[in-house]
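For reference, the structure discussed in these notes is given below.
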Amino acid sequence: MLIDKHQPEDVFARVPELAAQIDPVLHTLDILLEDNDLYQQVRADLGKRYRFTLVHGRHSTPVEVLLRMLLCKHLYQWSFKETEERVKDSLVLRWFCRVYFARVPDEYHLNNAGREKRSSGGMHGVVRDRERDQQERTLILAG
């Protein structure tokens, strides 16, 4: 039978299941990062950068994107430039970092966000605390 075209497909609809097969750590982190309290803590921390960050100025790179890209950088021990390039080249990383088909933040923006977090100790400490809490909950449920 002659067909005219393939049915359109939502490219990112199948990525979560693919991510679980390719990198189970990313899949686990994705579940952990769905925590709204964690997001609000990181957002509040980034909001302290400048006096009117939360209400005035240009639109920033989304907090969720910065958090997830910096986690990838830390997890895989990449440079800022390498993180930018790897996220650009991977559908799984674009999904995980919530960039999708938007422009990937460059190394300059990642470096600035990372510098802020290193100076305040915030983002990585908050995520480590959440991981520890999650592990404790898992132990309690298992025991």
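Quick look at the values:
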read-out: Inter-residue pairs, beta-carbon under 6 Å, first more than 17 Å from Leu29 (Cα to Cα) and in region 80-93, second of a type in the set (D, E, K, R) and not in a helix (DSSP H, G or I), 6+ apart; value: Glu84/Asp106
read-out: Qualifying positions in region 50-89 - more than 15 Å from the chain's Cα centre (by Cα), of a type outside the set (Ser, Thr, Tyr) and under 13 Å from Ala113 (Cα atoms); value: none
read-out: Wholly enclosed helices (runs of 4 or more DSSP H) of region 62-143 bearing at least 2 residues surrounded by 13 or more Cβ atoms within 10 Å (Cβ to Cβ) and either aromatic (Phe, Trp, Tyr) or modelled with pLDDT of 90 or more (or both); value: 63-76, 80-89, 91-96
read-out: In region 27-49, the residues that are part of a helix (DSSP H, G or I), in contact with a helix residue (DSSP H, G or I) (Cβ under 8 Å, 6 or more places away or on another chain) and within 17 Å of Ala113 (Cβ to Cβ); value: Leu38, Tyr39, Gln41, Val42, Arg43, Asp45, Leu46
read-out: Only one of Gly47, Gly57 that is more than 20 Å from Val99 (Cβ to Cβ), surrounded by fewer than 11 Cβ atoms within 10 Å (Cβ to Cβ) and either small (Gly, Ala, Ser) or touching a Phe, Trp or Tyr at 6+ places or on another chain (Cβ under 9 Å) (or both); value: Gly57
read-out: Subset of region 1-26 [in a helix (DSSP H, G or I) and either among the hydrophobic types (A, V, I, L, M, F, W, C) or touching an Asp or Glu at 6+ places or on another chain (Cβ under 7 Å) (or both)]; value: Val11, Phe12, Ala13, Val15, Leu18, Ala19, Ala20, Ile22, Val25, Leu26
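The values are calculated or read from the model by the stated rules, or taken from the named source; none is laboratory data. As the structure is a prediction and not an experimental result, all values here were calculated from the model. Positions of Cβ are generated from backbone atoms using ideal geometry, with glycine treated the same way; all protein chains shown enter the neighbour counts.
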